[in-house]
Amino acid sequence: MHHIVFDHDGTLVDTTGTPRLFPEVEAMLKTLKEAGATLYLWTARDRQSTLEILQSLGIKEFFKEISTASDCDPKPSTAGLEIMLGESDKDDVFVVGDSMTDINGGSVYGAQTIAVTWGSDHQDIYAYFKQSPVDHVCETVQECQSVLLNWINE
């Protein structure tokens, strides 16, 4: 079983203005789900606004479970991951996010991690993540999808 946990703001959704999906995100979610992965959402955003955004963007149905700051201790606490994933083998889990709270929470939980930089305007964020305890750093949605598909197909 392959479990992929995505962050919301800055990873899947650009929330710098009116919320919108980053380019190619919906196609990636569809591809990963079709490849047999189970998808989750783990966010520091509250439940009501998370659900409103996911529904307005048409991607809520991709996620088996959603954990928000309204549900339990916020990131980097692993409580949301533990609730969503239960007794899942941690070797079968990837956490994908754009911040150190995402990466630290995923690492403490025992999951593999992907830091994404496609939503960042900061040129130094890639170098910062490359020096952090992260398994992969991806600059594009396509690169992230490739890493995850390779893992699923191993």
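Bear in mind these aren't lab numbers, they're just calculated from the coordinates by the rules spelled out. The shown structure was predicted, so the numbers you read here are calculated from the model rather than taken from an experiment. Quick reminder, even Gly has a Cβ in these numbers, built from the backbone with ideal geometry, and neighbours come from all protein chains shown.
Summary of computed values
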quantity: Long-range amide H partners of T113 with built H, under 5 Å; calculated: V95, D135, H136
quantity: Per-peptide average of other Cβ atoms within 10 Å, ordering 22-33, 3-14 highest first; calculated: 3-14, 22-33
quantity: Potential lengthening between E34 and A69 on full extension [0.36 nm per residue; Cα-Cα distance subtracted]; calculated: 9.7 nm
quantity: Within the range 1-87, percent of DSSP bridges classed antiparallel, to nearest 5; calculated: 20 percent
quantity: Evaluated over the range 49-89, the Cα radius of gyration and Dmax, each in Å; calculated: 11.5, 33
quantity: Environment charge at D102 (Cβ cut-off 15 Å; Lys +1, Arg +1, Asp -1, Glu -1); calculated: -3
quantity: Distance between the range 75-154 and the range 1-27 - C-alpha centres, whole angstrom; calculated: 13 Å
quantity: Relative packing of peptides 51-59, 96-104 - highest average C-beta neighbours within 10 Å first; calculated: 96-104, 51-59
quantity: Antiparallel bridge percentage (DSSP; both residues within the chain; nearest 5); calculated: 10 percent
quantity: Karplus (6.51, -1.76, 1.60) ³J(HN,Hα), θ = phi - 60°, over the range 143-154, in Hz, Gly and Pro reported as x; calculated: 5, 4, 4, 4, 4, 5, 5, 4, 5, 4, 8, 5
quantity: Amide proton proximity set for W42, modelled H, under 5 Å, gap of 5+; calculated: F6, D7, H8, S67
